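The values are calculated or read from the model by the stated rules, or taken from the named source; none is laboratory data. All figures in this text were calculated on a predicted structure; none of them were measured in a lab. Cβ atoms come from the backbone with ideal geometry, glycine included; neighbour counts cover every protein chain shown.
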Amino acid sequence: MLADEMTSDLRAVRAAALSEAAASGRPVTKALVSKDVRFGSLTALVGGAVDTAGVDGVDPDLRVRPFFAHGGTISIREFVVGALNNEMGMQAVDPELYAAAHSGTRITTPAGMVLDGSLDKVEGPLAADAAADPDGDGVTNEVPTSLVDYLEFYLLNYFKPATCEQNHETARGRRILQQIGCTVCHRANLPVARDRRVADVETVYDPAQGTTTARCARLS
């Protein structure tokens, strides 16, 4: 959710720069900022091209990819389909995701994520449909679309990382992260404008019990 909103912010800056360049007849340079995180700058040229030499921390297409260390995947659904194949050798069936990846269509997943193959490189499943057997093992429909739906929804609503006991050592760690510049990009908290989850499950430290406990809040 967060990465998708940041992508929209950055692409809105690009669109505004292109519009201003077309109206003024001269190049327009704008800073790329979303949720107070800076991604360098870009320059919109009069002819409609964009100079992305100044873009920093994100690919020139301005898509923030939250999965994997190198930022290679856009959505939970793509992550699920890829993990099932790469780690378990099971090919999921997801015709809509396949169409977005191979035909450039625009889809909205059951969990509310919009994927547009005409704007982004979408990672699709190997199986085109339930009858396909891409690994040739004689088994088709190894992971039906309904299970992909379930896994996407489950991971979207999965509880956040726990916050354990906070003491002088954890405070020292935060200070070091700030001092060496990590928190310029790695922010402790960033706002989400539209939360697609149905509940917020948080695990926090309970000093009375000396352990962590879970709290669940239903989201509207």
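Data table
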read-out	value
Tally of residues being in contact with a strand residue (DSSP E or B) (Cβ under 8 Å, 6 or more places away or on another chain), touching a residue at least 60 places away in the same chain (Cβ under 8 Å) and of a type in the set (A, V, I, L, M, F, W, C) across the range 185-220	2
Flag if Gly138 is closer than 24 Å to Ala83 by Cα and free of Cβ contacts under 8 Å to residues at least 12 places away in the same chain	yes
Test: residue in the range 97-105 that is outside any loop (DSSP other than H, G, I, E, B), more than 21 Å from Met1 (Cα to Cα) and free of Cβ contacts under 8 Å to residues at least 12 places away in the same chain	no
Breaking point among (1) under 19 Å from Cys185 (Cβ atoms); (2) surrounded by 17 or more Cβ atoms within 10 Å (Cβ to Cβ); (3) in contact with a strand residue (DSSP E or B) (Cβ under 6 Å, 6 or more places away or on another chain); (4) not basic (Lys, Arg), for Met1	(3)
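Conditions (1) over 16 Å from the mean Cα position of the chain (by Cα); (2) part of a loop (DSSP other than H, G, I, E, B); (3) in the same structural domain as Ala214 (by TED's automatic domain parsing), marked per residue:
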| residue | (1), (2), (3) |
| --- | --- |
| Val81 | no, no, no |
| Ile107 | no, no, no |
| Gly112 | no, yes, no |
| Asp120 | no, yes, no |
| Ala132 | yes, yes, no |
| Val139 | yes, yes, no |
| Ser146 | yes, no, no |
| Glu152 | no, no, no |
| Pro161 | yes, yes, no |
